[in-house]
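The values are calculated or read from the model by the stated rules, or taken from the named source; none is laboratory data. This structure is a prediction, so every number in the text was calculated from the model and none was measured. Using ideal geometry, Cβ is built from the backbone for each residue, glycine included, and neighbour counts are taken over all protein chains shown.
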Amino acid sequence: MRDRIVYLDNNATTAVAPEVFEEMQPYFSQLYGNPSSLHSFGGNIAHKLDEARQRLAELLGADEDEIIFTSCGTESDATAIHSALTTFPDKRHVVTSTVEHPAVLGLCEHLEDAGYQVTYLSIDEQGRLDLGELAEAISAPSSR
Ligand SMILES: Cc1ncc(COP(=O)(O)O)c(C=O)c1O
């Protein structure tokens with residue numbers, strides 16, 4: 001008898017839930033259009049996007065203008081980090097860990113090239129950060 005194969009990488013890519021598939025199906029075949037365009041195809045989609053934003057905001061207890069749709073994880077990382085850096089332009093120190101996704105580490109390398117100081121915290125064999133090291137890194141003079 002063949003061993004059963006179990007997929008354990010659902011955090012990276014997983015099957016779409018049937019109810020999501022059903023809800024999304026029209027957008028792959030009938031309800032398409034660039035929501036930023038002025039034509040009616042786009043206008044209909046923009047309206048649907050606004051609806052989705054409202055529903056998500058309600059679900060998360062957030063304001064609608066706090067919901068940003070991105071196309072992928074890499075774009076989400078970059079958006080979050082760049083938003084923080086542009087919101088606080090005086091802050092030139094980024095604290096991260098050595099085990100972040102390459103999308104984060106690559107961006108941190110780029111930030112170092114651009115003159116930011118980046119502290120890479122290591123983790124223990126159980127994947128935990130040393131919170132004392134984290135506190136020290138956060139309060140380092142260059143982060144103020
Ligand atoms: C934190 C993080 N950033 C980026 C990615 C890459 O995502 P994508 O291939 O959607 O850009 C992943 C993928 O698992 C991730 O976990």
message: Tell me whether the range 111-133 contains one or more residues that are more than 26 Å from Thr13 (Cα to Cα), within 16 Å of the ligand (Cβ to nearest atom) and part of a helix (DSSP H, G or I).
response: yes
**Item:** Hey, His101 more than 10 Å from the ligand (Cβ to nearest atom), touching a residue at least 12 places away in the same chain (Cβ under 8 Å) and not assigned by TED's automatic domain parsing to the domain that holds Glu51 or not
**Value:** no
Among Thr70, Thr74, Thr87, the single one that is hydroxyl-bearing (Ser, Thr, Tyr), farther than 30 Å from Ser139 by Cα and either out of contact with any Asp or Glu (no Cβ under 6 Å at 6 or more places or on another chain) or more than 16 Å from the ligand (Cβ to nearest atom) (or both) is Thr70
Restricted to the range 134-144 and to residues being part of a helix (DSSP H, G or I) and among the polar types (S, T, N, Q), the residue surrounded by the fewest Cβ atoms within 10 Å (Cβ to Cβ) is Ser142
Flagged in the range 21-51 as at pLDDT 90 or above, in a helix (DSSP H, G or I) and farther than 21 Å from Glu64 by Cβ, in numbering order, are Phe21, Glu22, Gln25, Pro26, Phe28, Ser29
- Query: In this structure, does Thr13 turn out to be within 16 Å of the ligand (Cβ to nearest atom) and part of a helix (DSSP H, G or I)?
  - Reply: no
Given (1) modelled with pLDDT of 95 or more; (2) out of contact with any Leu (no Cβ under 6 Å at 6 or more places or on another chain); (3) among the polar types (S, T, N, Q), Ser71 misses just (1)
In the range 85-110, residues that are assigned to a helix (DSSP H, G or I) and polar (S, T, N, Q) total 2
